[in-house]
Structure formats: C-alpha cells, structure tokens
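Undergrad: What follows is a single structure, and I will ask about it in a moment.
The values are calculated or read from the model by the stated rules, or taken from the named source; none is laboratory data. Quantities reported herein were computed from a predicted structural model and do not represent experimental measurements. Don't worry about glycine lacking a Cβ; one is built from the backbone with ideal geometry, like all the others, and counts go over all protein chains shown. All accessible areas refer to the heavy atoms of the entire protein, side chains included, with ligands and DNA or RNA removed. Shrake-Rupley method; radii C 1.70, N 1.55, O 1.52, S 1.80 Å.
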Amino acid sequence: MTRLKEPPFTHDIVGSFLRPARLKQARANAESGTITRDELTRIENECITELIHKEKENGLYAFTDGEFRRAFWHLDFMAALTGCTTAAAEHWSVAFKGRQPKATNLKIIGRLDFPEDHPFLNHFRFIHQFEDASHIAKQTIPSPSMVHLMTCVRVNPDLPEVYQNNEDFFFEDLIRTYRKALRAFYDAGCRYLQLDDTSWGEFCSSEKAEAYRKRGYDIPSIQKKYVHVINEILKDKPEDLTVTMHICRGNFRSTWFSSGGYEPVAPTLFANCHVDGFFLEYDSDRAGGFEPLRYIDNQIVVLGLVTSKTPELEDEDAIKERIREASHYVPLEQLRLSPQCGFASTEEGNILTEDDQWRKIRLIRQIAEDVWKK
C-alpha cells in the first residue's frame, strides 16, 4: 500500500482511541504505587504498538499513539510547558451535558516556554519508528488558543506579575513557545501535526459568546488575536510539515458543551488562518450547515461526518450525500472524511466499544475510496 498524497488523507483520523482495559488498569496501578513508572511506560509502549498495527490493518495512512499516555487531550501537554501547571478546581471550566470530567484547571505561574525535555517529544519519537513508505505518524497537541482561553477567558485571569496588564507580552511568549514546539517536533521527525482547539466551538455558540461579552470580553477581537497568533507561529513553518486544526464542541464520555454553526467564526478563521487543513465537526445538527465553508480559502476541509460518540454505524449513502452537499461550497478535491472527533478525548473514553470504533474507521475508508476513487 502506497500513500497517494500528503496529509490530510481522503480518510483520516482526529487522533485519540479508546484505551484498552489493560492500559487503564496499569495507569490506575501506577497512580496507587502498585507498579513503577518504568513498568507503566513498558505497558504503554506495548499497547501503543498494538494500536498502531490495528490502525494500519484498518487502512489508515496516518496513525497516532491514540493519546494513550494522556489523561486529557490538552492538559498533559500544556502542564508540561515551562511556566504552566495544573491546579485542582471545584468544577470543570465548562459544563458538559450530563457528565463532568475530573475538575482540573490550567494555571500559569511564570513565563511561558517550550522545554527541550518536553515529554511529548519522546512520545513522538516512539511512534516515529513505525513510519514507512505508506504510513505517517501524526502528532496532536492543543492549540495555543487553549492556553489563553483556559487561563484568561473561561476564568478570571490569575496571571503572574510578568503578564499582568500586559496581554501583548503574553501572546508574544505564546507565539515563541509554540514556534519552538513546532521546530522541536519537526527536528524529531514529525511531518504531520494537528492543533486541537475547542475555543472556536465555544465562539460558535451564541450562548457562550454572549456570556463572555457580558463579562467584558470582545469576542471578535479575541478571534482575530487567536488567528494572528497561529499565523505567526506558522510563518516559518517548513514546507514539508503539514499543520491542521481540529475544531470541537466538546467530547467527554459521548457528551458535549457547545452548539452552533460555524458562521460566527468563519469569516475570521476560515478566510485568514494559514493552517493546511481544518478537521471540522459535522456529525450533528449542533454544527449547523455547510454554508460557512464558502469562506474557506485553499485549506483542506476534513468533514467529521461520522460520530465518535455513539456506536451506531452511519448510513453510507447518507454520508456520501452530505459530502456532495459540502462540495457545493468547497471543491471535492479539497474535501476529506474523518470521525467527528477522537474516540477518547480523555482517558475515560466515549461510550462505545473498540470493535465499534474500528467499524467506523473501516466505514470511513470505504466511503472515501468510493467518493475519491483512491
């Protein structure tokens, strides 16, 4: 099997997969002190190796480590940045519908930086060894927008003195930190990097946007600032590094926290952000219609039409029809197909089985091969 094009591929993935029971038990044992950190790493390595073989067997060109070493899709990465830590909280910073993650928030305690020994670099180096002529390792990290959103928008800012009353300096350091991260992953061999971002899903929600406005936030200004930050980070991006953005409205135990179509963010984000592609949630009415895609420039659009939240398998013809609808706004050659999100944005995972998730992956591959004839 030979890859026909560079990523994103006609059938692709967001990143996370359900953790096997063996891994969940090992993480619990490590937390209780029953096994050592080295023993946990050995089990993680074995489970990730098994996962990558399954990803390849199920026809994926891009593979990930399933985010098996993380508790959260975002906090593990951000807490390992210089100047960041996590802090216990009374409740999660956003309210999911019916279920809540463990209450933990990000806290900035000093100047932001990307450390040379950030643990995610070794995480990537481990999966990089499984690349071959037909398969590429994909690394997922939270978008820089999430650092600001979680510490300055969702909550009242509690910043160290260096950033107090100096938001521009905060963003300058954020840009520098993520530039270093991109270069470090690239030097480790990464050629496919994804920025995961729920901020834009929140800005799509009229309810959340209004709540932020009432607290004094200028949402259009924040949108422009987030795009500026990402574009500055990508300004010197190597040509052979693909960087995409995944936009989500929440994905914990098959629940969500935002609703609203892309129209409120499309003119700023789709028309101006210099990522190579967008992974867009489109598995339910909560994401609205395809009309906002008219603002897309030359980015690839990966349609998340197959839900990762429930086990029921989508109707193949219905998905193909939705791809045809989207092609009225973005040419078919710029479209791709993926699950709407990962299957386990946190270690708990969504409410479906491993067999369910692989059936969905195979369905996506079959549809993509029929639609794009590749």
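Undergrad: For the chain, what's the radius of gyration and Dmax over Cα atoms, in angstrom?
TA: 19.5, 57
Undergrad: Let me ask something else about it. Plugging the Kirkwood radius over Cα pairs into Stokes-Einstein for segment 5-164, at a temperature of 20 °C and a viscosity of 1.002 mPa s, what D comes out in µm²/s?
TA: Value of D from the Cα-based Kirkwood radius: 122 µm²/s.
Undergrad: Sort 205-211, 313-319 by packing, meaning the average of other beta carbons within 10 Å per residue, with the highest value first. Could you put the intermediate results ahead of the total?
TA: Working: 205-211: 15.0, 313-319: 12.9.
Those peptides, ordered most packed to least, come out 205-211, 313-319.
Undergrad: Further question on the same structure: Could you tally the net charge around Trp358, taking each other residue with its Cβ under 14 Å from the Cβ of Trp358, Lys/Arg +1 and Asp/Glu -1?
TA: Details: positive: Lys54, Lys56, Arg359, Lys360, Arg362, Arg365; negative: Glu50, Glu55, Glu57, Glu354, Asp355, Asp356.
Net charge around Trp358: 0.
Undergrad: Go ahead and run the numbers for FRET between Lys56 and Arg183, Cβ-Cβ distance against an R0 of 22 Å, rounding to 0.05. List each step's numbers first, then the result.
TA: Values: r = 28 Å, r/R0 = 1.29.
Working from the Cβ atoms, E equals 0.20.
Undergrad: What number do you get for segment 266-374 when its Cα radius of gyration is normalised by 2.2 N^0.38 Å, N = residues?
TA: Values: Rg = 14.1 Å, N = 109, 2.2 N^0.38 = 13.1 Å.
Against the compact-globule rule of thumb, the ratio is 1.08.
Undergrad: I'd like to know which of Leu149, Trp200, Phe169 lies farthest towards the positive end of the charge dipole of the chain, counting +1 on Cβ of Lys and Arg and -1 on Cβ of Asp and Glu.
TA: The one lying farthest along the dipole's positive direction is Leu149.
Undergrad: Let me ask something else. For the chain, with every protein chain kept in place, what is the accessible area per residue (1.4 Å probe, Å²)?
TA: Working: 15180 Å² over 374 residues.
With all protein chains present, the chain gives 41 Å² per residue.
Undergrad: Computing the accessible area with a 1.4 Å probe over protein heavy atoms, can you report the carbon and sulfur percentage for the chain? Working shown, then result.
TA: Values: 7170 of 15180 Å².
In the chain, the share of accessible area belonging to carbon and sulfur is 47 percent.
Undergrad: Sort 114-121, 266-273 for me by packing, meaning the mean count of neighbouring Cβ atoms within 10 Å per residue, highest on top.
TA: Details: 114-121: 15.5, 266-273: 18.8.
Taking the mean over residues of other Cβ atoms within 10 Å, the ranking is 266-273, 114-121.
Undergrad: Another question, if that's okay. Just to verify a number: FRET efficiency for His128 and Lys214, C-beta to C-beta distance, R0 = 51 Å, to 0.05? The partial results should precede the final answer.
TA: On the way: r = 46 Å, r/R0 = 0.91.
E(calc), rounded to 0.05, equals 0.65.
Undergrad: How many angstrom lie between the C-alpha centres of segment 332-374 and segment 151-171?
TA: Segment 332-374 and segment 151-171 have Cα centres separated by 38 Å.
Undergrad: Note down the magnitude of the dipole of the chain about its Cα centre, charges +1 on Lys and Arg C-beta and -1 on Asp and Glu C-beta and zero elsewhere, to the nearest 20 debye. Mind dumping the intermediate values first?
TA: On the way: 48 positive and 58 negative charges, 60 e Å.
Here the size comes out at about 280 debye.
Undergrad: Which pairs, out of Lys309/Lys373; Lys56/Lys225; Lys54/Lys225; Lys180/Lys214, put more than 31 Å between their alpha-carbon atoms? It would help to have the intermediate numbers written out before the result.
TA: Values: Lys309/Lys373 28 Å; Lys56/Lys225 39 Å; Lys54/Lys225 40 Å; Lys180/Lys214 36 Å.
Listed pairs above 31 Å: Lys56/Lys225; Lys54/Lys225; Lys180/Lys214.
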